[in-house]
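Let me begin by presenting the structure, written as structure tokens, before commenting on it.
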Amino acid sequence: MNLIAAVDKNWGIGLKNELLVRIPEDQKWFRETTTGKAVIMGRKTLESFPGKRPLKNRLNIVITKDKNYTVDGAVVVHGIEEAVAAASEYDGDDIYVIGGESIYRQMLPLCSTAHITKIDYAYQADAYFPNLDELEDWHITQTSEERTYFDIIFEYVKYERK
């Protein structure tokens, strides 16, 4: 399975259930990378989307503790094992964990690849991705050239579990 996220210098991913910054090129890359695949997310991540609607052309798997939670166009599960089972018809390379913080932390041990957009700026954040640079079993296998969006500098970094 894969993890996919955009992080700032401090591995921040969000503030008040919103992305720290929206970079159109990164959003396009996310869309192209995950379309036709399974995406696993927490309820708060789903509710941060426009109209609180699932992403189009993907199997949306939403993890929540709320046993009464339902959403049209998504599979609602109540734990990590259920989420993995719900995605079982997909090859592991076609399953993407897309947030938020607690889902990333819980799913990290099950994933072998992380696609990280690193943004060269420290934003105010209240949600964070695990710092893969500090974890011995993860290493960088690919880095893009530096890109810019107005005054924002970012790059795509692929991490793989050793």
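A short reminder: the numbers here are calculations on the coordinates, not readings from a lab. Every value quoted in this text rests on a predicted model; they were computed, and no experiment measured them. Note that we place each Cβ from the backbone using ideal geometry, even for glycine, and neighbour counts take in every protein chain shown.
Report the net charge of residues surrounding Leu110, where surrounding means a beta-carbon distance below 12 angstrom and charges are Lys +1, Arg +1, Asp -1, Glu -1. That sum, taken over residues with Cβ under 12 Å, equals +1. Segment 1-43 gives an Rg/Rh value of 0.96, both radii derived from C-alpha positions and Rh following Kirkwood. Where does the charge balance sit around Trp138 when Lys and Arg score +1, Asp and Glu -1, over other residues with C-beta under 11 Å from its C-beta? Residues near Trp138 contribute -2 overall. What number comes out for the charge environment of Ala87, summing +1 per Lys or Arg and -1 per Asp or Glu over other residues with Cβ under 13 Å away? Taking every other residue near Ala87 into account, the sum is -4. Here the gap between Asn10 and Asp151, fully extended at 0.36 nm per residue and compared with their Cα-Cα distance, gives a gain of 48.9 nm.
If R0 is 25 Å, the Cβ-Cβ spacing of Asn17 and Leu110 corresponds to a FRET efficiency of close to 0.55. Taking the C-alpha atoms only, the angle from helix 24-34 to the longest principal axis of the chain is near 40 degrees.
On full extension, the segment bounded by Ser144 and Lys56 gains 29.0 nm, given 0.36 nm per residue less the C-alpha separation. Counting every alpha-carbon pair across the chain, the share separated by more than 19 Å comes to 53%. In this Cβ point-charge picture (+1 for Lys and Arg, -1 for Asp and Glu), segment 48-162 has a dipole of about 480 debye about its Cα centre. In the chain, helices alone account for a calculated mean residue ellipticity at 222 nm of -5000 deg cm²/dmol, with every DSSP H run of four or more residues adding -39,500 (n - 2.57).
Computed FRET efficiency, Cβ-Cβ of Gln27 and Glu81, R0 25 Å: what is it to the nearest 0.05? Approximately 0.25, to the nearest 0.05. Placing unit charges on each Cβ (+1 for Lys and Arg, -1 for Asp and Glu) gives segment 36-104 a dipole about its Cα centre, and among Gly73, Tyr90, Gly36 the Cα reaching farthest toward its positive end belongs to Gly73. Ratio of Rg to Rh for segment 67-162: 1.01 [Cα atoms; Kirkwood radius as inverse mean 1/r over pairs].
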